[in-house]
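**Q** Input: one structure, supplied below.
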Amino acid sequence: MALYGTSVTTIAGSPVNHAIADVKAPLTTGTKLMEIAIVNPTGAFNILHALVGRSTTELFQSYANYVSPYDASDKASTTSVGLAWSIAPVVPTQFFRRAACASQAGTGIIWSFPRGIAIASSQSIVVWNTNAGGTMAINISVEVDE
Amino acid sequence: MAIYSLSLNTTVTTTGAAAMDIKASSSCAPRIMEVGINLAAATASTYGLGRSGNVPTQTSPVILLAENPNDPTGQTGAAVAWSVAPTVPTQFFRRISLPGTVGTGIIWTFPRGLILAVSSSMLIWNLATNSASTNAWWVCDE
């Protein structure tokens, strides 16, 4: 197993009760989410309510942001972070983690999962927003073990 | 042993009352590995983490989620309401006072686990009149 990571900036203006990012496992193999960080970079209006949960349906990312290996000699990964989808994700039934982040630049949270949250092949963990006023762009960093 | 976790939001503000609990099943004594608290409303809040003084009866408990979907269904449930309310812990393992700022919080980890006996509860207890919206999560090893 090897470690991979990436950092993305979500799309501003996502509506309430909508996914703002997902981490999708490759087509033929699962992956483990080891850490996810959510940071408000600009301190713009509105409080972010970020929830991390398992998608109940397969998500089809409009563009895949692939994770990069921590060791350059490791094989390329096809675990990807999505910021937009051809079909809108459905809200998870329950959430592993949830947090509110104040509307100040630099606020956020890092959740680590020592044994990893296992994501089956082609399935996703989503970051869900329940903020009533819509969101600013958010920095999300993920680490996976694949 | 497998890892299970869950996050809920509690709106219980009453001082001297439980904001949230997790309760072990009658056949499983989980280890609590991590507890997190995060304020979603800007109210200065004080919480304690401790074993319930009684055996409460949860209303609509939510079973903790397996972090590996291949693991069996969890047995430990979390709740924010009770038909038989929890009573105050005799002592607290941890206490925290948080300022009235959204996003403040604490994450407590227990590397060897805080063991919850079968059918017993661990509480996040309101030590003051607290935030009307608080996120909290539990990580257990069953």
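The values are calculated or read from the model by the stated rules, or taken from the named source; none is laboratory data. Computed from a predicted model, the values in this text were never measured in an experiment. So basically every Cβ, Gly included, is an ideal-geometry build from the backbone, and we count neighbours across all protein chains shown. Heavy atoms of the whole protein, side chains included, go into the accessibility calculation; ligands, DNA and RNA do not. Shrake-Rupley method; radii C 1.70, N 1.55, O 1.52, S 1.80 Å.
**Q** Applying the selection to region A:92-144, what residues are in a loop (DSSP other than H, G, I, E, B), hydrophobic (A, V, I, L, M, F, W, C) and surrounded by fewer than 17 Cβ atoms within 10 Å (Cβ to Cβ)?
**A** Let us first name the residues in region A:92-144 that are in a loop (DSSP other than H, G, I, E, B), namely A:92-94, A:96, A:102-107, A:120-123, A:130-138.
Checking the rest, the ones that are also hydrophobic (A, V, I, L, M, F, W, C) come to A:96, A:102, A:105, A:120, A:132, A:136-138.
Scanning region A:92-144 gives A:Ala105, A:Ala120, A:Ala132.
**Q** Same structure again: Go through the residues of region B:86-104 one by one and say whether even a single one is within 13 Å of B:Asp21 (Cα to Cα) and open to solvent by 40 Å² or more (accessible area, probe 1.4 Å).
**A** yes
**Q** Shifting gears a bit: Being away from chain B (no Cβ under 14 Å), of a type in the set (Gly, Ala, Ser) and in contact (Cβ under 8 Å) with a residue 60 or more places away in the chain narrows it down to one of A:Ser121, A:Ser68, A:Ser86, A:Ser55, so name that one.
**A** Selected residue: A:Ser68, the only one of A:Ser121, A:Ser68, A:Ser86, A:Ser55 that is away from chain B (no Cβ under 14 Å), of a type in the set (Gly, Ala, Ser) and in contact (Cβ under 8 Å) with a residue 60 or more places away in the chain.
**Q** A follow-up question, please. Examine region A:64-77 for a residue that is at pLDDT 95 or above, surrounded by 21 or more Cβ atoms within 10 Å (Cβ to Cβ) and assigned to a loop (DSSP other than H, G, I, E, B), and state whether such a residue exists.
**A** Checking region A:64-77: at least one residue is at pLDDT 95 or above, surrounded by 21 or more Cβ atoms within 10 Å (Cβ to Cβ) and assigned to a loop (DSSP other than H, G, I, E, B).
**Q** Restricting to region B:3-31, count the residues that are within 14 Å of chain A (Cβ to nearest Cβ) and open to solvent by less than 10 Å² (accessible area, probe 1.4 Å).
**A** 7
**Q** Taking region B:52-78, which residues are within 26 Å of A:Trp111 (Cβ to Cβ) and either of a type in the set (Val, Ile, Thr) or more than 13 Å from every other protein chain (Cβ to nearest Cβ) (or both)?
**A** B:Gln58, B:Val62, B:Ile63, B:Pro72, B:Thr73, B:Gln75, B:Thr76
**Q** Regarding region B:106-127, can at least one residue be identified that is of a type in the set (A, V, I, L, M, F, W, C), touching a strand residue (DSSP E or B) at 6+ places or on another chain (Cβ under 8 Å) and at the interface with chain A (Cβ under 10 Å from one of its Cβ atoms)?
**A** yes
For every residue, the table says whether it meets (1) among the β-branched types (Val, Ile, Thr); (2) crowded, with 20+ Cβ neighbours inside 10 Å; (3) over 16 Å from the mean Cα position of the chain (by Cα); (4) on the phi > 0 side of the Ramachandran plot.
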{"site": "A:Ala2", "(1), (2), (3), (4)": "no, no, yes, no"}
{"site": "A:Gly5", "(1), (2), (3), (4)": "no, no, no, no"}
{"site": "A:Ile11", "(1), (2), (3), (4)": "yes, no, no, no"}
{"site": "A:Leu27", "(1), (2), (3), (4)": "no, no, yes, no"}
{"site": "A:Ala37", "(1), (2), (3), (4)": "no, no, no, no"}
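**Q** Further question: In region B:55-78, which residues are over 22 Å from B:Ala19 (Cα atoms), polar (S, T, N, Q) and open to solvent by 60 Å² or more (accessible area, probe 1.4 Å)?
**A** B:Asn70, B:Thr73
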